[in-house]
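The values are calculated or read from the model by the stated rules, or taken from the named source; none is laboratory data. All of these numbers come straight from a predicted model, not from anything done at the bench. All Cβ positions, even for glycine, are placed from backbone atoms using ideal geometry, and neighbour counts span all protein chains on display.
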2 protein chains.
Amino acid sequence: MAGNARDPGVSVAARLLALLGVFDEKASALTLTELADGAELPIATAHRMVRELVEWGALVRAEDGRYVVGRRLWKLGLLAPDQSDLREIASPFLHDIYGATLATVHLAIRDGDEVLYLDRLAGHASVPAVSRVGARLPLHATGVGKVLLAYAPREVHDRVLRTLTRITPYTVTRPAQLESELRRVHRDGYAQTVEEMTLGACSVAVPIRGGDEDVLAALGIVVPRIGRDRARLVAALHVAAQGIGRSLRPA
Amino acid sequence: MAGNARDPGVSVAARLLALLGVFDEKASALTLTELADGAELPIATAHRMVRELVEWGALVRAEDGRYVVGRRLWKLGLLAPDQSDLREIASPFLHDIYGATLATVHLAIRDGDEVLYLDRLAGHASVPAVSRVGARLPLHATGVGKVLLAYAPREVHDRVLRTLTRITPYTVTRPAQLESELRRVHRDGYAQTVEEMTLGACSVAVPIRGGDEDVLAALGIVVPRIGRDRARLVAALHVAAQGIGRSLRPA
């Protein structure tokens with residue numbers, strides 16, 4: 001069933017995709033040599049294929065000679081329905097929360113063993129956070145991550161709890177403590193973090209449920225401190241999450 | 001210099017890209033037959049290549065059997081620096097404007113003879129607008145579009161003014177009238193529309209200038225009516241556009 005590497009068509013397609021696969025958040029501008037090395041291709045082959053990718057608009061050659069992702073791939077990526085539909089539906093709710101709190105607002109889903117940020121709203125009054133749309137962060141150290149971890153399949157949960165890396169002095173790295181927090185997410189309907197990902201930043205997050213009550217995503221906000229605002233913030237998030245969930249369900 | 005179609009490598013790459021090129025805003029979920037037809041490929045070839053694209057994560061087969069753009073292309077597209085850097089830099093300024101006005105806020109660039117929306121903020125209190133991130137609209141009927149048209153190269157200007165399609169009864173379709181409005185954009189530093197794209201929606205927009213004073217993008221808001229708020233809205237947009245421009249310039 002799988003592609004046969006000796007079939008020239010399949011093989012060329014795989015090589016072209018391997019070139020695109022070299023790009024990631026840490027390597028978003030690459031020389032031809034870096035692309036060839038990353039895709040394990042001879043320079044001449046890489047050069048020919050990169051030229052095709054540039055002609056089509058998938059890549060662009062920047063002023064310094066390095067290659068970057070082009071506008072055509074950006075537009076193509078926006079057609080991805082899982083991301084775009086959820087973002088589109090959630091967007092006005094996120095902006096309502098932002099308008100009411102001026103806090104950083106996050107919409108996130110689980111991507112393997114990490115949190116993937118689908119959307120982020122932040123103004124100049126918002127607390128700095130390390131998130132960025134399309135970025136991935138650890139599940140155990142973020143508010144949205146704890147929500148998604150609480151509802152993740154058993155094998156994801158077990159893998160994550162075996163490798164609780166410390167990010168700040170306040171990151172929860174004891175599995176028993178995190179387990180107890182995840183149980184509280186189920187009981188209370190929200191998760192929180194206190195400077196566990198970034199010093200000076202706390203977060204509160206709630207689940208977004210689809211038609212079958214499955215948790216599809218998480219909605220969270222980042223604030224300098226939680227304190228007495230918690231009940232108000234959690235209530236605002238729950239209202240928005242219910243609105244998003246209702247909009248996701250077929251009428 | 002161009003790719004040789006008989007070189008199997010180049011040819012396969014071009015065919016793979018042709019398959020991806022069939023997707024657009026109006027056709028974001030496609031059957032195998034539609035993909036093959038759109039890319040002008042035999043079904044068997046299209047089938048083999050689509051399988052490669054699915055294995056890599058570029059495409060996903062939806063429940064109804066049609067193919068859609070996958071999460072991996074979405075993440076790859078977000079690495080496009082022209083779009084992502086400008087969006088990232090502009091984002092807090094957009095949210096400041098949204099927080100102050102609760103209006104729909106737009107960040108847009110010119111893409112050929114159309115406006116391309118890079119970002120859009122809108123809450124439930126905002127007036128409905130037809131924009132969507134990644135969508136393209138006519139230059140002559142939108143506030144951000146008029147700004148970008150006022151600073152477009154002569155040949156773009158001439159082509160657009162030859163084909164002023166009517167979208168609402170209020171769309172400006174007389175070239176002389178539009179010319180006069182574009183001169184006012186240069187003189188006054190902002191553009192406006194009154195129900196020219198969508199009935200019930202007015203807009204005000206200003207240019208965003210880079211280090212060399214070139215107009216790189218436009219920043220606009222959509223409101224139910226402008227009236228006496230215009231001076232205040234234009235001032236808020238100018239402050240934000242100057243902030244974005246300053247952040248774009250190397251220190």
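The rows are residues; the columns are (1) of a type in the set (A, V, I, L, M); (2) under 27 Å from the mean Cα position of the chain (by Cα).
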| site | (1), (2) |
| --- | --- |
| B:T31 | no, yes |
| B:L35 | yes, yes |
| B:E40 | no, no |
| B:R51 | no, no |
| B:A62 | yes, yes |
| B:L78 | yes, yes |
| B:G99 | no, yes |
| B:D111 | no, yes |
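The residue that is modelled with the lowest pLDDT, among those in the range B:25-49 that are closer than 14 Å to B:R66 by Cα and facing chain A (nearest Cβ under 8 Å), is B:S28. Of all the numbered requirements in (1) out of contact with any Cys (no Cβ under 7 Å at 6 or more places or on another chain); (2) in contact (Cβ under 8 Å) with a residue 12 or more places away in the chain; (3) not aliphatic (A, V, I, L, M), A:R232 misses one, and that requirement is (2). On the stretch given as the range B:230-251, residues that are in contact with a strand residue (DSSP E or B) (Cβ under 7 Å, 6 or more places away or on another chain) and under 15 Å from B:A103 (Cβ atoms) total 5.
More than 27 Å from A:V156 (Cβ to Cβ) and either touching a residue at least 24 places away in the same chain (Cβ under 8 Å) or not basic (K, R) (or both), is that true of A:G210? Criteria not met by A:G210.
In the set (1) more than 7 Å from every other protein chain (Cβ to nearest Cβ); (2) farther than 30 Å from A:G99 by Cα; (3) of a type in the set (A, V, I, L, M), the condition left unmet by B:A14 is number (1). Using the structure shown, decide if A:G123 is facing another protein chain (nearest Cβ under 10 Å), touching a residue at least 60 places away in the same chain (Cβ under 8 Å) and either more than 25 Å from B:A240 (Cα to Cα) or of a type outside the set (S, T, Y) (or both). Answer is no for this residue.
Scanning the range B:68-86 for residues that are more than 8 Å from chain A (Cβ to nearest Cβ) and among the small types (G, A, S) turns up nothing. Checking A:D37, A:D24, A:D82 one by one, the residue that is among the charged types (D, E, K, R), without any contact (Cβ under 8 Å) to a residue 40 or more places away in the chain, farther than 30 Å from A:L219 by Cβ and surrounded by fewer than 20 Cβ atoms within 10 Å (Cβ to Cβ) is A:D37 and no other. Could you list, in sequence order, the residues of the range A:198-233 that are surrounded by fewer than 24 Cβ atoms within 10 Å (Cβ to Cβ) and in contact with a Ser or Thr (Cβ under 6 Å, 6 or more places away or on another chain)? Residue satisfying the conditions is A:L199 alone.
Which residues, counting only those in the range A:40-61, are buried (at least 21 other Cβ atoms within 10 Å of the Cβ) and part of a helix (DSSP H, G or I)? Residues satisfying the conditions are A:A46, A:M49, A:V50, A:E52, A:L53. Only residues that are touching a helix residue (DSSP H, G or I) at 6+ places or on another chain (Cβ under 8 Å) and more than 14 Å from B:H106 (Cβ to Cβ): list them for the range B:184-208, please. Hits for the range B:184-208 are B:V185, B:H186, B:G189, B:E196.
Tallying residues that are out of contact with any Lys or Arg (no Cβ under 9 Å at 6 or more places or on another chain) and aromatic (F, W, Y) within the range B:182-206 yields 0.
When only residues in the range A:158-169 that are part of a helix (DSSP H, G or I) and touching a residue at least 24 places away in the same chain (Cβ under 8 Å) count, which is surrounded by the fewest Cβ atoms within 10 Å (Cβ to Cβ)? Going through the qualifying residues, I end up with A:R159.
When B:I97, B:I89, B:I109 are checked against the criterion of being within 14 Å of chain A (Cβ to nearest Cβ) and surrounded by 21 or more Cβ atoms within 10 Å (Cβ to Cβ), a single residue qualifies: B:I97.
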